[in-house]
Amino acid sequence: MKSAVCPGSFDPITYGHLDIVARASARFDQVIVAVLENRTKSSLFTVDERIEMIRDTTKSLGNVVVDSWYGLLVDYCTANNIGTIVKGLRAVTDFDYELQMAQINYQAAKVETMFMATSPTHSFLSSSIVKELAHFGGDVSTMVPPIVHDALRIRLAGE
């Protein structure tokens with residue numbers, strides 16, 4: 001079985017993320033969406049909340065599994081027999097950083113990285129931009145699935 005992992009913080013998941021996950025799911029037998037656990041970074045949503053939103057928004061993709069990880073992604077891949085990391089690229093600036101990571105992951109454990117150009121309709125999206133817009137009352141309904149939109153409104157109303 002050919003498995004791939006789509007890693008990220010997904011705080012929150014956007015239509016840009018979902019585009020990459022759906023396209024990866026069409027090319028691999030199984031896609032694991034691995035939610036980053038970063039204890040040094042303050043997140044809007046807990047890991048469990050992010051996992052639940054991702055599960056809800058990917059349920060129509062029968063070969064997508066959602067998991068979390070803490071530590072090196074390459075170790076997660078080795079432990080789970082995953083040979084490919086799928087990363088979405090929005091711009092050249094993404095590529096500069098991701099290429100270095102891809103080379104390190106290949107050197108460390110022979111884990112390949114597949115880069116997918118983000119769909120032009122989503123190339124401007126990032127979780128940070130979505131959170132910033134939502135925080136100031138901007139309309140993000142076209143950037144995130146309805147369950148995420150609702151969760152953002154509830155979470156930000158409590159601030």
Order of Tyr106, Tyr97 from fewest to most other C-beta atoms within 10 Å? Tyr97, Tyr106
The size of the Cβ-based charge dipole (Lys, Arg +1; Asp, Glu -1) of region 3-157 about the Cα centre, to the nearest 20 debye, is 60
Within the chain, how many Lys pairs sit with Cα atoms under 27 Å apart, leaving out pairs fewer than 8 places apart on the same chain? 9
Residues Ser25, Ser42, Ser126, sorted so that the one with the fewest Cβ neighbours within 10 Å comes first: Ser42, Ser126, Ser25
Between Ala22 and Asn81, how high is the FRET efficiency from 1/(1 + (r/R0)^6) when r is the Cβ-Cβ distance and R₀ = 30 Å? Nearest 0.05. 0.85
What is the Cα centroid distance between region 114-159 and region 12-44, reported in whole angstrom? 14
Once normalised by the length of region 3-157, the mean sequence separation of its alpha carbon contacts under 8 Å that are 6 or more apart gives a contact order in percent of 29
From fewest to most C-beta neighbours within 10 Å, the residues His17, His122, His135 line up as His135, His122, His17
For the chain, set up a GNM with springs between Cα atoms under 10 Å and report which of Phe115, Phe136, Phe45 has the largest fluctuation. Phe136
Plugging the Cβ-Cβ distance of Ile154 and Glu112 into 1/(1 + (r/R0)^6) at R0 = 41 Å yields, to the nearest 0.05, a FRET efficiency of 0.55
Spacing of the two label points (7 Å from each Cα toward its C-beta) at Ser42 and Ile147, in nm: 2.8
Values of log10 I(q)/I(0), in the order q = 0.11 Å⁻¹, for the chain under a Debye, Cα-only, solvent-free model: -0.42
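Laboratory data are not the source of any read-out in this text; all were calculated from the coordinates shown. Note that the structure is predicted; figures quoted are calculated from it, not measured. So basically every Cβ, Gly included, is an ideal-geometry build from the backbone, and we count neighbours across all protein chains shown.
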